[in-house]
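Below is one structure; the comments refer to it alone.
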Amino acid sequence: MARALSVSLGERSYRIVIGDRSAWQADPLPELVERGREGLLVTDANVARAWLPDVREALEARGLRLSVLTVPAGERSKGPDALATVYDALLAAPIRRDGWVVALGGGVVGDLAGFAAATYLRGIAWIQVPTSLLAMADSSVGGKTGIDVGGKNTVGAFHQPRLVLTDPGFLVTLPDAELSNGLAEVVKAGMIADPVLFDLVESRAAAVLGRDPAVLEELLARAVQVKIAIVEEDERESGKRQLLNLGHTFGHAIEAALDYRGIRHGEAVAIGLVAACRLSTLLGLAPSELVGRIEAVLGSCGLPIRGPGIGWEGLRPRLEQDKKAREQGWSFVLTGGVGNASVHRRVPEAAVREAAAYAEA
Ligand SMILES: NC(=O)c1ccc[n+]([C@@H]2O[C@H](COP(=O)([O-])OP(=O)(O)OC[C@H]3O[C@@H](n4cnc5c(N)ncnc54)[C@H](O)[C@@H]3O)[C@@H](O)[C@H]2O)c1
Ligand SMILES: [Zn+2]
């Protein structure tokens with residue numbers, strides 16, 4: 001059984017359908033078709049191999065005409081060269097103002113194709129079909145798009161999709177490490193705002209790792225709803241959306257210190273979540289048992305809870321570079337316990353250092 005969640009953003013509102021592809025047939029594609037039948041589907045080589053024929057058939061059965069562009073898999077496809085190939089494909093099709101883009105893939109394809117849709121002819125409609133857990137639970141929600149130009153996510157735009165079609169069935173071909181990568185964001189969502197989601201991961205981690213469809217659907221519906229509620233309040237990240245950065249100030253610092261090599265985003269976030277929980281307990285905001293609890297759940301998801309041993313001297317400049325940390329002294333998203341997060345400013349550096357020494361060692 002599929003569920004449809006609504007993202008209410010005035011005229012930029014859209015639906016996120018979570019369920020088996022057969023349920024897509026009931027969804028409001030016709031409204032998009034009225035705008036124009038021509039679309040460009042962008043995907044990567046791994047996803048194309050596993051799922052392109054199925055998805056193409058499902059969309060073409062609805063009367064849509066698709067051109068397809070397959071980019072190489074991996075973050076390198078989120079750069080200006082890959083973007084130019086998307087524009088070339090849009091022009092070659094040709095896709096007009098009433099046409100649209102389909103992003104079939106993980107967060108890389110979503111960010112790349114979404115940014116192309118945001119900018120081509122000053123913005124055309126797009127549909128997201130996320131295939132990695134990270135994309136399903138996180139990056140397909142909220143309309144952030146962008147590419148890497150001389151640094152990570154340096155160029156981007158807010159451009160909400162018109163529809164998100166999420167089928168947990170795609171996760172059967174996702175490598176285990178990528179599934180774990182996405183689970184870090186799911187645990188984060190539970191930690192920020194949904195104790196039931198946190199309990200679900202805690203109690204059903206084996207079923208999640210085994211790709212149990214019913215458990216995955218429930219988990220995704222909850223994680224997506226957490227992000228929807230925050231995005232609805234703060235579409236452009238001027239306030240509440242910062243909560244989504246729980247674990248990310250430390251996580252980004254770790255990724256940046258390693259030059260984004262040898263560690264996945266979710267792995268860095270997992271260590272960052274441990275550090276943020278430790279920092280919260282050091283400041284007396286959360287009970288000390290919280291650290292053990294987050295470590296256990298992350299560990300059961302196949303995520304690291306310590307490392308990679310950069311040390312304070314390497315980490316400190318990266319933490320200071322994080323724009324969220326720099327605004328007012330040391331600023332962090334901290335937690336008072338599962339389901340509760342808030343932004344704290346002027347956090348004492350000694351506590352930050354101690355939390356880093358605990359988790360990052
Ligand atoms: N826009 C946002 O709000 C937002 C939020 C978080 C992350 N991001 C971005 O997302 C990107 C990371 O996304 P990601 O972790 O999905 O990486 P990714 O898109 O590179 O996907 C990870 C790997 O899994 C493969 N894959 C994806 N789905 C598959 C499937 N069903 N079967 C087999 N293989 C599959 C891909 O080919 C790739 O090799 C980063 O660039 C990050 O900046 C964006
Ligand atoms: Zn993240």
Checklist outcome for this item: Ordered by number, the trypsin sites (Lys or Arg not before Pro) in segment 236-326 that occupy a DSSP loop and have at most 13 other Cβ atoms within 10 Å are ARG236, ARG261
Checklist entry - Relative to the longest principal axis of the chain, what angle (0 to 90°, nearest 10) does the C-alpha long axis of helix 107-119 take? => result 60 degrees
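Rounded to two decimals, what ratio of Rg to Rh does the chain give with C-alpha atoms and a Kirkwood Rh? Write out the running numbers ahead of the final one.
Working: Rg = 20.0 Å, Rh = 20.6 Å.
Ratio of gyration radius to Kirkwood radius for the chain: 0.97.
For segment 175-238, report the accessible area per residue in Å² (1.4 Å probe, heavy atoms, rounded to an integer).
Working: 2290 Å² over 64 residues.
So segment 175-238 comes to 36 Å² accessible per residue, rounded to a whole number.
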Next on the checklist: Nothing charged except the Cβ atoms of Lys and Arg (+1) and of Asp and Glu (-1): what's the magnitude of the dipole of segment 246-361 about its Cα centre? Round to the nearest 20 debye.
Outcome noted: 180 debye
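Go ahead and estimate [θ] at 222 nm for the chain from helices alone: -39,500 (n - 2.57) per DSSP H run with n ≥ 4, summed, over the residue count, rounded to 500. Intermediate results must be reported in sequence, preceding the final value.
Details: 13 runs with 169 residues, N = 361.
One gets -15000 deg cm²/dmol as the mean residue ellipticity at 222 nm.
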Checklist outcome for this item: So the number of lysine pairs in the chain with alpha-carbon atoms under 16 angstrom apart, 8 or more residues apart or on different chains, is 12
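If the only charges are +1 at each Lys and Arg Cβ and -1 at each Asp and Glu Cβ, what is the size of the charge dipole of the chain around the Cα centre, to the nearest 20 debye?
Charge dipole of the chain: 580 debye, to the nearest 20.
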Item to check | Distance in nm between pseudo-label sites at ARG97 and ARG345 (7 Å out along the Cβ direction from Cα) | outcome: 4.3 nm
Checklist outcome for this item: The helix 349-360 Cα axis meets the longest alpha-carbon principal axis of the chain at an angle in degrees, between 0 and 90 and rounded to 10, of 70 degrees
Item to check | Between segment 128-165 and segment 73-93, the alpha-carbon center distance in angstrom | outcome: 15 Å
Checklist entry - Using modelled backbone amide H atoms (1.01 Å from N, in-plane), which distant-in-sequence or interchain residues come within less than 5 Å of GLY105's amide H? => result VAL129, THR131
Checklist outcome for this item: Percent antiparallel among DSSP beta bridges confined to the chain, nearest 5, equals 35 percent
Checklist outcome for this item: segment 176-228 and segment 333-348 have their Cα centres apart by a whole-number Å value of 21 Å
Item to check | Those trypsin sites (Lys or Arg not before Pro) in segment 43-140 that DSSP places in a loop and that have at most 13 other beta carbons within 10 Å | outcome: ARG96, ARG97
Checklist entry - What part of the accessible area of segment 227-328, given as a whole %, is carbon or sulfur when the probe is 1.4 angstrom? => result 47 percent
Checklist entry - Using a basic spin-label model with each label point 7 Å from the Cα along Cα→Cβ, how many nm lie between GLU11 and ASP212? => result 4.6 nm
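How do 309-317, 129-137 rank on mean C-beta neighbours within 10 Å, highest first?
Details: 309-317: 13.7, 129-137: 28.6.
Packing proxy ranking, top to bottom: 129-137, 309-317.
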Item to check | FRET efficiency, 1/(1 + (r/R0)^6) with R0 41 Å, evaluated for ARG3 and GLU313 via beta carbons | outcome: 0.30
Next on the checklist: Tell me which chymotrypsin sites (Phe, Trp or Tyr not before Pro) from segment 63-165 have a DSSP coil assignment and no more than 16 other beta carbons within 10 Å of their own.
Outcome noted: none
Item to check | Accessible surface of segment 88-179 [probe 1.4 Å, protein heavy atoms]: carbon and sulfur percent | outcome: 55 percent
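For segment 250-361, with every protein chain kept in place, what is the accessible area per residue (1.4 Å probe, Å²)? Mind dumping the intermediate values first?
Working: 4780 Å² over 112 residues.
Here the per-residue accessible area is 43 Å².
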Checklist entry - Principal axis lengths of segment 206-292 from Cα atoms, whole Å, largest first? => result 37, 33, 33
Next on the checklist: Compute the helix-to-body angle for 213-233: its Cα long axis versus the longest principal axis of the chain, expressed 0 to 90° and rounded to tens.
Outcome noted: 80 degrees
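The values are calculated or read from the model by the stated rules, or taken from the named source; none is laboratory data. Source: prediction; values computed, not measured. Please note: Cβ atoms are built from the backbone with ideal geometry, for glycine as well, and neighbour counts cover all protein chains shown. For accessibility, only protein heavy atoms count, side chains too; no ligands or nucleic acids. Shrake-Rupley method; radii C 1.70, N 1.55, O 1.52, S 1.80 Å.
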